[in-house]
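The values are calculated or read from the model by the stated rules, or taken from the named source; none is laboratory data. Keep in mind that what you see is a predicted model, and the values were worked out from it rather than measured. All Cβ positions, even for glycine, are placed from backbone atoms using ideal geometry, and neighbour counts span all protein chains on display.
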Amino acid sequence: MEITKREKSFLTGLVWLTLAVSVVSVCLTKSVTMWWPLLVLFFAAVSVVTFHISERARAKNAHKFYNSYMAMTVVKLVVYLTILLVYSLNFKEDSKRFMLTFLVYYLIYSFFETYQLVKKKRNE
């Protein structure tokens, strides 16, 4: 299976974003949770899965794309809220830093995914 230009562009951007987030997180070690490396990898992996599912749905037809994208968004939010709740109940001393780090990473990766989606739509 050959990687398309769109997939290569997405993966290249994701790698650069992940490296930038990691460098900033290292610089802010006292402000972020100790679990930041796992969170960065988690959000990068979720972005790859979301992109792959979106691409497969888009290839079938536009209606499936929009439905699958909205369903994935809802599922992601439920999973994210569950992670935040479970972590905050089990690790109260680090919960604020974890939630803040999680929120910032969520926003960064969501903006990246949205940008890639809009860029893809513009090129069509």
* Within the bounds of segment 13-28, is there any residue that is assigned to a loop (DSSP other than H, G, I, E, B), touching a helix residue (DSSP H, G or I) at 6+ places or on another chain (Cβ under 9 Å), of a type in the set (Ser, Thr, Tyr) and surrounded by 11 or more Cβ atoms within 10 Å (Cβ to Cβ)? -> no
Restricting segment 29-41 to residues that are assigned to a helix (DSSP H, G or I) and without any contact (Cβ under 8 Å) to a residue 60 or more places away in the chain, the one farthest from residue 73 (Cα to Cα) turns out to be 37
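For (1) without any contact (Cβ under 8 Å) to a residue 12 or more places away in the chain; (2) part of a helix (DSSP H, G or I); (3) over 23 Å from residue 15 (Cα atoms), each residue gets a yes or a no:
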residue	(1), (2), (3)
65	yes, yes, yes
68	no, yes, yes
71	yes, yes, yes
75	yes, yes, yes
98	no, yes, no
101	no, yes, no
112	no, yes, no
query = Taking residue 101, is it farther than 23 Å from residue 119 by Cβ, of a type in the set (S, T, N, Q) and touching a Leu at 6+ places or on another chain (Cβ under 8 Å)?
reply = yes
Considering residues that are surrounded by 16 or more Cβ atoms within 10 Å (Cβ to Cβ) and either over 18 Å from residue 44 (Cα atoms) or not aliphatic (A, V, I, L, M) (or both), the number found within segment 77-94 is 2
Residues in segment 67-79: is at least one of a type in the set (Gly, Ala, Ser) and farther than 26 Å from residue 22 by Cβ? yes
Given (1) surrounded by 17 or more Cβ atoms within 10 Å (Cβ to Cβ); (2) modelled with pLDDT under 90; (3) of a type in the set (Gly, Ala, Ser), residue 62 misses just (1)
